[in-house]
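The values are calculated or read from the model by the stated rules, or taken from the named source; none is laboratory data. Note that the structure is a prediction, hence the values are computed from the model and not measured. FYI the Cβ positions are ideal-geometry reconstructions off the backbone, even for glycines, and counts take in every protein chain you see. Heads up: the accessible areas ignore ligands, DNA and RNA and are worked out on the full protein's heavy atoms, side chains in. Shrake-Rupley method; radii C 1.70, N 1.55, O 1.52, S 1.80 Å.
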Amino acid sequence: MKSALVVRHVPHEGIAGYRAPIEAAGYVLDRVDVTDPAFAAMDLSAPDLLIMMGAPMSVYEQDHHAWIAPQIRQVSARIESGRATLGVCFGAQIVAAALGAEVYRGPAKEVGFHPVALSDAGASGPLRHLRNVPVLHWHGDTFTPPPNVEHLASSDLYAHQAFRRGEHLLALQFHAEMGLDPRFDTWVDAWPDDFAKTGQTACCLRNAYAKHGPGAVEAGRAMIAEWLEAL
């Protein structure tokens, strides 16, 4: 059996809708929280697949979160060894930093449902399932283009929404895994300032989740299934 490890940076940002295609591809899932004392001793190159999920903190807040810098170093070594790696939102920013990119505060909060614009490379690969599909965005950081990667997607506010390196590395700034997970209510309750800055209310965000969430998850699952099939 193939092993997959989910690195969870906060309890309410888990693997969500991506669980189904990963398990269907034959991976046995395990999970570790970065707050677990065992995390510091873990070898992130060991599992066949590493999945790093989102978080409210920033990659550049290493003085406040001692686990960030070691995680970046381990992910860098994993990528160079060609091990399959998926980064989502904060996880994608960890990947970017591991490749030598600068992660920094973006121009504005991007919160809500809208499609990403696919590059030619994005439209011809697994991200093609997301064409014209509103997916959830919830972030305020971005990064410089990492070296030697293919740019896959962008949005009006953020040029770097997804990239890949070869078949084994995929980084996604957006949340196509979220749409059927009740933990979304925790997001809304925890970070009201984020969506208030975009002129949205909790009610309209929850309505958008109910309307677009199932379609986003369906497309996200198809994307991940196709990516895993090519590994």
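If you scan region 111-125, which residues turn out to be open to solvent by less than 20 Å² (accessible area, probe 1.4 Å) and within 27 Å of M57 (Cβ to Cβ)?
V111, G112, V116
Considering only region 166-204, state which residues are modelled with pLDDT under 95 and hydroxyl-bearing (S, T, Y).
T198
Which of the residues that make up region 191-231 are crowded, with 19+ Cβ neighbours inside 10 Å and aliphatic (A, V, I, L, M)?
L205, A216, V217, A219, M223, I224, L228
How many residues does region 12-31 hold that are under 20 Å from L180 (Cα atoms), in contact (Cβ under 8 Å) with a residue 40 or more places away in the chain and open to solvent by 30 Å² or more (accessible area, probe 1.4 Å)?
Qualifying residue count for the region: 3.
Could you give every pair whose Cβ atoms fall below 6 Å, whose first residue belongs to region 206-217 and is closer than 10 Å to A176 by Cα, and whose second residue is in a helix (DSSP H, G or I), counting only separations of at least 6 or pairs across chains?
Between residues of region 206-217 that are closer than 10 Å to A176 by Cα and residues that are in a helix (DSSP H, G or I), the close pairs are V217/G17.
Listed residues G112, G179; which is under 17 Å from C89 (Cβ atoms) and in contact with an Asp or Glu (Cβ under 9 Å, 6 or more places away or on another chain)?
Going through G112, G179 in turn, just one is under 17 Å from C89 (Cβ atoms) and in contact with an Asp or Glu (Cβ under 9 Å, 6 or more places away or on another chain): G179.
Hey, among Q93, Q74, which residue is open to solvent by less than 10 Å² (accessible area, probe 1.4 Å) and out of contact with any helix residue (DSSP H, G or I) (no Cβ under 8 Å at 6 or more places or on another chain)?
Residue meeting the stated conditions: Q93.
Looking at (1) farther than 28 Å from P126 by Cβ; (2) in contact (Cβ under 8 Å) with a residue 24 or more places away in the chain, which is the one condition that is false for A176?
Only one criterion is unmet by A176, namely (1).
Of the residues that sit in region 29-46 and are at pLDDT 95 or above and touching a Phe, Trp or Tyr at 6+ places or on another chain (Cβ under 9 Å), which one is nearest to D185 (Cα to Cα)?
Filtering region 29-46 for residues that are at pLDDT 95 or above and touching a Phe, Trp or Tyr at 6+ places or on another chain (Cβ under 9 Å), the one nearest to D185 (Cα to Cα) comes out as D33.
Does region 115-125 contain at least one residue that is of a type in the set (G, A, S) and over 24 Å from E167 (Cα atoms)?
Checking region 115-125: not a single residue is of a type in the set (G, A, S) and over 24 Å from E167 (Cα atoms).
Here's the yes/no breakdown for (1) buried (at least 17 other Cβ atoms within 10 Å of the Cβ); (2) in contact (Cβ under 8 Å) with a residue 24 or more places away in the chain:
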| site | (1), (2) |
| --- | --- |
| A41 | no, no |
| L49 | yes, yes |
| E61 | no, no |
| P70 | no, yes |
| A84 | yes, yes |
| A98 | yes, yes |
| K109 | yes, yes |
| L127 | yes, yes |
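In region 148-178, what residues are in a loop (DSSP other than H, G, I, E, B), over 20 Å from A84 (Cβ atoms) and either of a type in the set (D, E, K, R) or open to solvent by 10 Å² or more (accessible area, probe 1.4 Å) (or both)?
Matches in region 148-178: S155, D156, L157, A159, H160.
Among the residues of region 1-28 satisfying the criterion of being assigned to a loop (DSSP other than H, G, I, E, B), modelled with pLDDT of 95 or more and among the aliphatic types (A, V, I, L, M), which is nearest to the chain's Cα centre (by Cα)?
I15
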